[in-house]
Structures are given as C-alpha cells and as structure tokens.
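What follows is one structure encoded as structure tokens, with my remarks underneath.
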Amino acid sequence: MNPRKLSSASQIAPIMFGTNIFGWTVDEPTAHRLLDHFVERGFNAIDTADIYGKGESERIIGSWLKARGRRDDVVIATKVGYWDERPGLSAANVEAAVEDSLRRLQTGHIDVYFAHLFDAATPQEETLRAFDRLAAAGKVKAIGASNFDSAQLSQALGVARAEGVARYEVLQPLYNLYDRASFEADLQPAALANDVAVTPYFGLASGFLSGKYRSIADLEGRPRKNMVAHYLDDRGLRILGALDAAAATLNASPAQVAIAWLMAQPSIAAPIVSATGIEQLDELLAAADLCLSPEILADLDKASAPDATA
C-alpha cells in the first residue's frame with residue numbers, strides 16, 4: 001500500500017476515513033473503535049467538518065486524539081463555511097471558525113483546512129489571505145477547496161499566484177462511477193494541470209454502488225431513498241452489472257471494486273469512505289489491495305460512460 005501525496009506537507013494512505021456520521025449514527029465509543037481500527041490497518045487520513053454533527057464529529061475525533069496520543073500518526077482535514085453557525089468564507093469567519101475547530105479537535109494544527117462551499121459574497125482574495133495567515137501562524141498546514149467548480153478553482157489558483165499566498169492544494173468533489181461527467185469534463189483536467197490532489201466524496205453514490213439497492217422496493221423505508229432513487233435508471237443498472245462481473249472475477253464485493261476504480265483514476269489521492277462498524281470498514285479498506293486489470297477498468301469505463309447507451 002503505497003502512500004500518496006495529499007499536499008506539500010502530507011502523504012497519506014490511499015483511502016480517507018469520512019466521519020460525517022460521527023455524532024449522528026455513530027456514537028463516541030464506536031467512533032473511537034473505528035478510528036483505532038483504521039489506524040491499526042495502516043491508514044492515516046481522517047476527513048471531517050465543523051458542520052458534521054454540529055461540531056460533534058470534530059469533538060469526537062479530538063477526544064480520541066487526546067485519549068490515544070496519536071496526533072502525529074494521522075492527517076486531519078476539516079472544513080469551514082457550510083455551517084449556519086459559522087457561514088461563509090469571510091476572513092472574520094474563517095479566522096474564528098479555525099479556533100473553534102482546533103479547540104474541538106484538541107490539536108494545535110489542521111493538516112488540510114477546506115473551504116467547504118464556494119462563497120460568492122466574499123472575494124477569493126479575502127478568503128485566501130485569511131488562509132495564508134493561518135498557514136503562516138502554523139495553525140493550518142495546507143488548504144483545500146470542496147464543492148468548487150472548475151471556474152471557481154481556476155480563479156482561486158490565479159488569485160493565489162498573483163497575491164503570493166497559500167493556494168488550494170486539495171480538491172474535494174462529488175465523484176464516483178455514476179457521477180462522472182462534471183468532474184471529468186473540467187475539474188479533473190484543472191486538478192492535473194495544477195498538481196491539485198483530489199479526495200472525492202460519495203464514492204459509493206450514497207450506497208448505490210454497493211449493490212444493496214437494485215429497485216425502488218429495496219429503498220422503501222430507507223433514509224437514503226431520496227438520495228439513491230435517481231441512480232436506478234438503465235445506466236445505473238448497467239454499472240451494477242459491470243461491478244457484479246468484476247467482483248465475481250476478483251472475489252471481491254461491488255463496493256470494493258467501485259472504490260478501487262476511483263483509486264485508479266488520474267489525480268485521485270484517496271477516496272473518502274464512511275463506515276458504521278468494523279466489518280463494513282474492513283470491507284472498504286480492502287479495496288486498497290485490489291488491483292483492477294486494464295480489461296476490468298475498460299469494462300467499468302464503458303458501462304459507466306456518461307453517454308453510454310444500451
């Protein structure tokens with residue numbers, strides 16, 4: 001399992017642990033066990049945000065760090081700008097929010113601090129100067145952009161060059177075997193051209209690519225019904241068929257194949273995965289050891305191509 005470059009300051013194992021469910025569907029003792037297991041398996045990158053659980057995700061990670069004393073063993077990414085209590089990317093908000101996050105995380109620095117959502121009301125110059133001050137103070141090692149489109153990212157990179165301030169080194173977009181078109185058309189080329197690492201979220205398309213949901217009936221009574229139902233079209237079912245075939249060939253699960261496909265894509269540093277239990281976490285982490293042949297990659301690309309036809 002070779003480490004991958006995340007930023008100028010960090011290298012990470014090729015799967016990132018998403019903790020958006022900490023303090024929501026995963027309680028603190030379970031979260032600590034999951035983090036223990038994640039690190040014991042040789043992984044080190046943890047993704048969170050101030051909005052997750054209204055600060056609870058960060059707080060739980062902070063309590064784990066204090067209890068285990070493993071701050072130097074992990075790379076922590078968190079985010080600012082999406083939470084109603086700390087909205088937007090104004091300098092004042094960024095500089096106040098980072099103090100809140102550092103306190104909850106019980107750490108002196110954040111490895112990657114993300115702008116969680118583009119803020120049209122705040123000039124990018126103002127936001128990037130604020131991030132640069134945090135970097136100069138040692139509170140932030142690198143910065144990233146989440147949910148930016150290619151124009152917003154390109155503008156930010158241009159501002160950083162012109163101003164001589166910290167630039168976005170990491171991008172966190174929606175990207176998976178189904179949701180390909182937007183990222184691959186514009187964002188991926190921009191990331192590759194500018195040496196920006198990518199840590200995509202929703203790598204399993206809200207669980208659809210695990211193969212658990214193959215009809216509307218499978219979604220009845222499920223909290224993810226509204227998030228998954230639109231994937232149940234001809235193209236979605238074709239993707240599941242290709243995942244099933246690859247999984248059978250590799251003695252793997254469809255979820256593992258879907259994550260391994262992401263890991264094989266240009267610019268991807270590490271997909272983000274979430275798990276509520278050790279067994280589920282182990283299944284997803286095993287994708288790091290899965291090698292997809294050129295033939296399997298080609299079959300998955302063909303089935304999932306945005307313009308694929310039956």
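Residues that are surrounded by fewer than 23 Cβ atoms within 10 Å (Cβ to Cβ) and touching a residue at least 24 places away in the same chain (Cβ under 8 Å) were ranked within segment 135-144; the one that is farthest from the chain's Cα centre (by Cα) is G138. Of the residues making up segment 266-281, at least one is of a type outside the set (G, A, S) and farther than 25 Å from N2 by Cα. Selection within segment 23-48: residues that are part of a loop (DSSP other than H, G, I, E, B) and within 16 Å of P271 (Cα to Cα). The member of this set that is nearest to the chain's Cα centre (by Cα) is T48. Considering only segment 153-194, state which residues are of a type outside the set (A, V, I, L, M, F, W, C), assigned to a helix (DSSP H, G or I) and surrounded by fewer than 18 Cβ atoms within 10 Å (Cβ to Cβ). Listed by number, the residues that qualify are S154, Q155, G158, R161, E163, S182, E184, D186, P189. Among residues of segment 147-165 that are aliphatic (A, V, I, L, M), those with a beta-carbon under 6 Å from a residue that is not in a helix (DSSP H, G or I) at least six positions away or on a different chain give the pairs L153/A145; A156/Y168; L157/R167; L157/N194; A160/R167.
Within the option set I259, I239, I272, being more than 29 Å from D27 (Cα to Cα) and hydrophobic (A, V, I, L, M, F, W, C) holds for one residue only, I239.
Applying the selection to segment 264-281, what residues are crowded, with 19+ Cβ neighbours inside 10 Å and touching a Leu at 6+ places or on another chain (Cβ under 9 Å)? First the steps, then the outcome.
If we filter segment 264-281 for residues that are crowded, with 19+ Cβ neighbours inside 10 Å, which is where we start, we get 267-275, 281.
If the condition is that a residue be crowded, with 19+ Cβ neighbours inside 10 Å and touching a Leu at 6+ places or on another chain (Cβ under 9 Å), then S267, I268, A269, A270, P271, V273, S274, A275, L281 are the ones that fit.
Among the residues that make up segment 295-303, is at least one of them within 18 Å of S206 (Cβ to Cβ) and out of contact with any Ser or Thr (no Cβ under 6 Å at 6 or more places or on another chain)?
Kept after step one, since they are within 18 Å of S206 (Cβ to Cβ), are these residues of segment 295-303: none.
No, because not a single residue in segment 295-303 is within 18 Å of S206 (Cβ to Cβ) and out of contact with any Ser or Thr (no Cβ under 6 Å at 6 or more places or on another chain).
Every listed requirement among (1) buried (at least 20 other Cβ atoms within 10 Å of the Cβ); (2) assigned to a helix (DSSP H, G or I) is met by L297 save one, (1). Taking the criterion of being out of contact with any strand residue (DSSP E or B) (no Cβ under 8 Å at 6 or more places or on another chain) and either assigned to a loop (DSSP other than H, G, I, E, B) or surrounded by fewer than 18 Cβ atoms within 10 Å (Cβ to Cβ) (or both), the residues of segment 119-128 that qualify are A120, A121, T122, P123, E125, E126.
The set of residues in segment 62-97 that are within 23 Å of I15 (Cβ to Cβ) and either touching a helix residue (DSSP H, G or I) at 6+ places or on another chain (Cβ under 6 Å) or of a type in the set (D, E, K, R) (or both) comprises G62, W64, L65, R68, R70, R71, D72, D73, T78, K79.
Only the coordinates and a few stated rules stand behind these numbers; no lab work does. Predicted, not measured: the structure shown is a model, and the values here were computed from it. FYI the Cβ positions are ideal-geometry reconstructions off the backbone, even for glycines, and counts take in every protein chain you see.
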